[in-house]
Structure formats: C-alpha cells, structure tokens
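First the structure, in the form of structure tokens, and then the observations on it.
The values are calculated or read from the model by the stated rules, or taken from the named source; none is laboratory data. Note that this is a predicted model, so its numbers are computed, not measured. Note that each Cβ is placed from the backbone with ideal geometry, even for glycine, and that neighbours are counted across all protein chains shown. Just so you know, the surface numbers come from the protein's heavy atoms only, side chains and all, with ligands and any DNA or RNA stripped out. Shrake-Rupley method; radii C 1.70, N 1.55, O 1.52, S 1.80 Å.
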Amino acid sequence: MRTFELEHNWKLVRTTDQSEYSCRLPADTLSVLHSSGVVPDPYYADNELLVQWVGEEDWIFSTEVELDEDFLQHSLLFLELHRIDTFSDVYLNNYKIGTTDNMFVRYRFDISHAARAGNNHLELRFSSPVRTALQRKQQLPYPVPHQNYPVQAQGRNLIRKVQCHAGWDWGPCLMVSGIYETVRVTASELERIEAVHHHVECINGTENTWRLQVTTELFAHESGHSTLRVECAGTLSEQEIEINPGRLQVTSELVVKDPQLWWPSGYGEQPLYELQVTSSHDAVRQKIGFRTVEVLTEPDERGIGMVFRVNDRDIFAKGANWIPPDALPSGHTAEKYEDLLESARQAHMNMIRVWGGGQYEYDFFYEICDQKGLLVWQDFMFACAMYPSSSDFLANVRGEAEFQIKRLKHHPSLVLWCGNNEDIGALTWFEESRNNRDRYIIDYDRLNEGVLAQAVKTIDPHRKWWSSSPSAGEGDYSDCWHDDSKGDMHYWSVWHEGQPFEAYYSVTPRLCSEFGFQSFPSVSSIKGYTPQDQLNITSPVVEHHQKNDRGNSIIISTISRYFRFPSGFEEIVYLSRIQQAMAIKTAVEYWRSRRPLCMGTLYWQLNDNWPVASWSSIEYGGAWKPLHYSAKRFYAPLHVVLLKDAPETPDGQVDVYGINDSGQAVAGELEVNLFTFNGEMVQQQIQDTSLASESSTLLTSLSVSGDETFRSQHFYFVRFSPADPKIDALENDLLLLRPKRCSIKPAKISFRIQTTRAGDVTLELHTDVPAFHVVLECAGSPVRFSGNDFTLLPNRPKTVTVSALKPEDIEENLRIHSLRNF
Ligand code: BMA
C-alpha cells in the first residue's frame, strides 16, 4: 500500500472573484480568511455579525499531487476524505470523482479513471451550507422546527453538519466550510481494510481468561487470496481468505490469558494492548482494553435505576458535558484536547458526555479518554430539534451511524450510545409538534429506533443503547422531564426557571446528565474581546458574548439574591463565578449524598467554543473557572458534605455525610467546628468515624439554632483527618444563611512565595479573619493553582502550588479576591 497525505500546499478560492489564499489542513474558510487578513477576528467584539457572508458563499479548496506510473499500476486507487464540512463536489483533473454531503462520514472515492502520472489537480468545490439548508427547508412538505438562538442559521437540522455551527445558547453562528481531517490518496493491490472492530468477553473469571473476537471488513475490486493476521497481547490468529469483488467480513478469535484490567479513572489503571490486523496489502493498529461494562437499568423500589458497572464495580459517574472546543474547527488541536481532558481528570471526573449538538470527536479524543480512564457517553449528533424522516435523510444517517459505530467501537472508554440530546423533550417546544405530536413522533421514531438503534444493535450489540438524553429508557417516549424515579435527567430549574439553589434538593435523579449555572469568563478573557469603553456588563459587546436570552439578567438577579450588591465590573464578574461554583456544588454534594439512588452527575458544561458567558467550568483558552477548582473538591473520591434544608434534614438540623467512592472503608477523625466570622471557635465536636466503602454515610447530625441573628454570626467548618496519613484530610464548610445575610468580615490575606526543592512555586496564604471563596488569579497568564476558590481560616494557613510561573511574575500579577473584599 502506498499513501500520500495531502496536508500542505492548499489554496482556498473565493468563487465570486477568484481571489486565492494559501493554507494547510486542517482548514476552515473563516480561519483561512482571518489569517489572510480578509476578515477580522470573528471572536472579537461583535465581528461574528460581520463575517456571516462567508457561510453564504461557495468556496473551493484545491491542491496538487504528484503521482508516478508505479502508483497508477495498483488495482485499487482511491481518495480518502474524512471530516469534510459539508457540501462539496470533488474533482480530480476536472473529472468529478464524488460528492460529499455529510461531515460525519468517511468517503473513499475511486480515482482510477481520473488519476494520471505526473501532476494531478484536486479540487473540492464547496457550496454554501447556509443556502443548502435554506433550500432544503423550502422544499419540506411540512415544517421541521429547531430551537433558535440569538444569531442563528435556519434549517441546520436538515444538513449533516455540526449543529452548533448554526449558533447556540453559548456559541456563535459561524457556518464555515472546510476540510478537517483526512485527505489521502492511496494505492493498493487487491484488498483494503475498511474497518476493524472487536468485542472482549471474560470467559473464565477465576483465571482471568478473555475471548477477543475481531471483525475485519475488507473491500476489493477483483478476486484473489489474502492472509489475515490478527495479533494481540502475544497471541495470534492467522487465516487464508478468499477475496471476491465487493465487501467481505472476516471474524478472528483470540484467547488472551490474564490481561491487566482497564479501569475508569479513580478505580485503577488504564493498561492498553495493541491489536494489530494485517492483510496481505493493508494493516490497521488499535489500542484496546480488557474490561466489562454493563449499564444497569433495572427496576427497583424507586423505579428504574441507571448504573454504570465496570469490572463488576458500580461506578458513580462524575463528569461534565463536552462541546466542540472551538467554533472554528481549525482550532481543534490535539494539545487543546489533551489539556481539557487532563483538566477533567484532575477534577476527579470519570465520565465525559459528548453532546449531540457537536461532533463525533477526533480519534485522539477517544485515545486520550482511553489513556486517562474517562468513560465516554456518546450522543449521536442530533440536538434540540425535530428531524426529517425522508428516505434520503435516513439513508444518509444510516451511513453515518454505521461508520461512526465501527470507527469508535474499539475504545474501552466508550460505554454508551445515546440517540440525541433533548429531542423527546423538544416535541413539546414547538407549536407544530405540540399540535401534531403523532406526525413528529413517527419521524422521531423512524430516525431514532428505525436507524440509530438498529445500527447500534446490529454492529455493537454489547454496548448500551440509550434512546435520548434525557429519557426514561427504551420505548418510553414520555416527557419525563423531572421524573426522578427512572432514566437520566436534565435538571434546569435553577438556571432557566430562576429557582433557588436548594431546588436541587427537590429531586434525586437516578443520573443527572445535565444541570448547569452560567458565569462570566475571567476579566482578562472579557478584555480580550471587549473594547475598553465597553467594559460594562450591559454594554453591547458584553451582551453580544452572552447567547442565552435572559443569561445576564439571571446572573445579576442571582447575585442580588445571594450577595451584597457588587460595586463594580470586576466584582460582578467574580461573584458570577463563585455563585456558579456554589450552585453546582450544591447539586453535586446533595446527589452524591443520595448514592446509591443517584449514581451519576454530569454537569453542563465542561468547555467553551469561543470566549463567552456560559455554563462552562473551563473558559475558552483553558483557564479554570472557580467551578472547575471547586469540582476538584466536590468530585474527589472522598468528600465530606454538610447539608441543611434538604428533604432528609429537618428544620434546625445540619447533617454531615461522608462520601467514599473507593473500595475500602476509610477510618479517621471528624472535627466539626462552629465559628464566628471573627474566627472564634464557639463549639467543637470531635469523633472517630469511618466512611464506608462505595457509600454515602451519615456521620453526624447537628442541631442549630433557628435564630436569624445567631445564624448570621456563625458558620460550620468540618475536617475529616483519615487515620492513614497517606490520605489527605478533607474539609468543607457551611454558611447558615445566604452570604448577603452573614456578617462576613473583610479579610486581610497575606502570602509568602517559596520555591520548593522540586522547583515548584508555592504560595502560603494567611488571613486575619475567616475568608470565603478566596480566588487567586494571575492576570493574563495561563496559570493553574493546585487549589482555588477555597475557605481560609485564621491560624490555618493554606499552601497552594502554582504552575508555569516564576516567583517574580506571581508577585507582580497575583490578585486575591474573597467575599466582602472589594
Ligand atoms: C441543554 C443542552 C444545550 C444547552 C444547555 C443550556 O439542554 O443540551 O442544548 O446549551 O441546555 O441551555
């Protein structure tokens, strides 16, 4: 097999005036035009509006490839294209060799009649995605509605392109065209490998013996013979196969003895084994893992639970929802993915949901998840809309689903296929579907059960199929929006309906796959897209970078409900960020304490695709918001939680829970202190206790005076010190009233910078009175702190490690915020 990867020396041509811009892959129209100086930065100010014309025009990407006689002698000559966005006619030397119309499939076009020795000219002639979607919309026999956001391209649900390119409630509308992954010319004899997928099954638990069943799909134009070798973990299967024109599927079986098991992060290691499949003229390598996964959805006394069980251990799913990490696909670099997913792992997440309005991710995304033990909940790419069920559309999606399942199936991290995001709920969002539910539910079912479920059940029958997120389970089309007896839940009442944070206590979802609270990005991020004279929360530019209609007013009204009113821009930004952390902490701590009724929380959302006010815990550019630092504590495998006002906690009572996801009980000493806001300890209770394994344990209940003045002057602080000195102590605290009603004092926080022997820079922080939501920031630097957004008490200094900075830079740029310190 000979292959030419065509990454370099591309040209983008504007069809209206033939202007040309050179580029390399991956390339999207807007990124090329921006780097060529033709359009301004689409992320700055409201430039998004100025660049809409780019999606309305046709564009050509072209390159040259040199082929020799020897290359042309091969019997299989083809052009492979993957992640082509979206509508292109593909020409080689002016012969049309194919058409693309779905960015989620891989194309392999025969080029034998078009290729020639010497120079070959390859062109992808893209037609406007905006126009194509509109044309399709006009041809519909009846409306097929989708959700609309402030800047929105119409008809996005009629084209197989990343749905959020058309605009979302956190994302810009940038309808790019482009080439993001493979363009490869390949020549081979006889056969090529189309797909390799496998299934592992433990056949003898005592001896840890596994059957590895590998399916290889081959394609050929002519007849012949080939030898297929399949190797993994020192075992080999070899067979002679007869090749006939067309597709051929071959199964090989290996028995692997005593492999090391693959575990989710926090539960064990992630050993990966190389699976190598070689035919006479082609080869594929994959990294695979040995583990069992079950998703238990069995009736219980409450309804139907939802539990991920890996290697016979029930995993509490902790994680967040993932969106494409850049609105401009040229920005999807492996480094960015590594950083985001490592940030997820560091915050003790073990599951990422690839949300249905984005994309089936790049191979490197799943490889990183395999390496880090991040389980993947994979949506099919349908979100917040009705979808058509015409035979063309369904056939197109069938190809997409089959390709994606075969492409991703070998990843040990992949644990569930989900049909879409919120499309069952969406049946009630539009007048058309409310008035004619029958029509739209039939469309829904044709696509969902008729195509997607069938593809999963045929190609990947051992993996869980989940029809929609949220849903009550297969065959249940009810709008079970807040039914906490069964299924996964999206709980949005605190954000979208303005309920208090305690509303999270009104449900115990079996698994909460979305709940979120917005905040502003950091002041330095805002300054990056806002002209100086618009640094104000209600300025047009700051409002433009808020895509949820009522977003900023929800942020401001929540600030006024919880905090004393801020006096300036920076303080508003700070409070928005800590209230976001407070909201999500409230939800996660309660739902973790309800384990095993609730067995998972995936908050909305991990990341951003441009600089914006949003629900993310990591802002565009990679900086962690206070929420992400807070997640590192509230998702830790061991955690202590203080609860009041929950249904299980009567008035006047505070309950302390110890949560332990690990397989061992952890004994230690629990210290519960009642402090005044001057830092005086007025009550202390110390007890030996133990956090039972894989449980939430009620450690103690405290009775607290209902007197408002008393509550305004005191707070609880708990510390659990494990008997095993190798395990870090756990801390948490609880205000007895909303922060604005508490007599929190302005704190004087001082710090000492040190460089440790290992070369790390550390900050030792001291305070004179209790300081809450202490947030460290180094303006303009991509710094990470080992801890942030914490409570600091007098006489209990805290040491924080700072990454990537020299002591001098810290001294100059460090800003320390805390409540009441502005
Ligand atoms: C959810 C998601 C997204 C959306 C978010 C915030 O339901 O699925 O569609 O961005 O809510 O509104």
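Each of I441 and N204 was given a label point 7 Å from its Cα along the Cα-to-Cβ line. The distance between the two points is 5.1 nm. Of the chymotrypsin sites (Phe, Trp or Tyr not before Pro) found in the range 1-68, no site is in coil according to DSSP while having at most 10 other Cβ atoms within 10 Å of its Cβ. Projecting the Cα atoms of T649, T709, L736 onto the dipole axis of the range 638-741, where Lys and Arg carry +1 and Asp and Glu carry -1 at the beta carbon, places T709 farthest toward the positive end. Relative to the current alpha-carbon distance between K336 and D809, full extension at 0.36 nm per residue lengthens the span by 167.9 nm.
Using a ≥ b ≥ c from the Cα gyration tensor of the range 410-509 (square roots of the eigenvalues), is it rounded, prolate or oblate, where a/c under 1.5 gives rounded and otherwise the larger of a/b and b/c decides, a/b for prolate? Write down the numbers at each step before the final one.
Details: a/c = 2.65, a/b = 1.28, b/c = 2.07.
Because a/c hits 1.5 or more and a/b fails to exceed b/c, the range 410-509 counts as oblate.
Taking W322, W429 and ordering them by how much accessible surface each has at a 1.4 Å probe, largest first, produces W429, W322. Annotation: per residue accessible area for the range 638-741 equals 44 Å², rounded to a whole number [probe 1.4 Å, protein chains only].
Each residue, S485 and D110, gets one label point 7 Å from its Cα in the Cβ direction; the gap between the two is 5.8 nm.
Using mean Cβ contacts within 10 Å as the protection proxy, how do 602-609, 617-624 order, highest first? Display every interim value, and only then the final one.
On the way: 602-609: 26.0, 617-624: 21.6.
Ranked from most to least packed, the peptides come out as 602-609, 617-624.
Model label points for S721 and A667, set 7 angstrom from Cα along the Cα-to-Cβ axis, are 1.6 nm apart. Assuming R0 = 45 Å, can you tell me the calculated FRET efficiency for the pair E20 and Q152, based on Cβ-Cβ distance, to the nearest 0.05? Computed FRET efficiency for E20 and Q152 comes out at 0.90. Filter K161/K464; K161/K632; K318/K745; K547/K748 down to the pairs with a C-alpha to C-alpha distance above 31 Å, please. Table pairs above 31 Å Cα-Cα are K161/K632; K318/K745; K547/K748.
Expressed to the nearest 5 percent, the antiparallel share of DSSP beta bridges inside the chain is 85 percent.
Assuming R0 = 41 Å, what is the FRET efficiency of N678 and T755, from their Cβ-Cβ distance, to the nearest 0.05? If you can, show how the numbers build up before the last one.
Working: r = 34 Å, r/R0 = 0.83.
Calculated value: 0.75.
Averaged over its residues, the range 535-600 has an accessible area of 31 Å² per residue, based on protein heavy atoms and a 1.4 Å probe. P(r) for the chain, from all Cα pairs and a bin width of 10 Å, is 2, 12, 21, 25, 20, 12, 5, 2, 0, 0 %, short bins first.
Just to verify a number: FRET efficiency for S539 and Q239, C-beta to C-beta distance, R0 = 56 Å, to 0.05? Numbers along the way, then the final one.
Numbers: r = 69 Å, r/R0 = 1.23.
Plugging the Cβ-Cβ distance into 1/(1 + (r/R0)^6) gives 0.25.
Computed with a 1.4 Å probe over protein heavy atoms only, the accessible surface of the range 2-186 comes to 37 Å² per residue.
What do you get for trypsin sites (Lys or Arg not before Pro) in the range 710-815 restricted to DSSP loop and a cutoff of at most 13 other Cβ within 10 Å of the site's Cβ?
Sites meeting the loop and neighbour criteria: K726, K748, R757.
Using a 7 Å offset from Cα along Cα-Cβ at S478, what residues in the range 402-423 end up with backbone N under 19 Å from the label point? Taking a point 7 Å out along Cα→Cβ of S478, the residues of the range 402-423 whose backbone N falls under 19 Å are 422-423. Counting only protein heavy atoms and a probe of 1.4 Å, the accessible surface of the chain is 46% carbon and sulfur.
Within the shell of other residues whose beta carbon sits under 10 angstrom from the beta carbon of E514, the net charge comes to -1, with Lys and Arg scored +1 and Asp and Glu -1. With all projection directions averaged, the alpha carbon convex hull of the range 638-741 covers 6.8 nm². Each peptide in 127-134, 235-242 receives the mean, over its residues, of other Cβ atoms within 10 Å, and ordering these scores from highest gives 127-134, 235-242.
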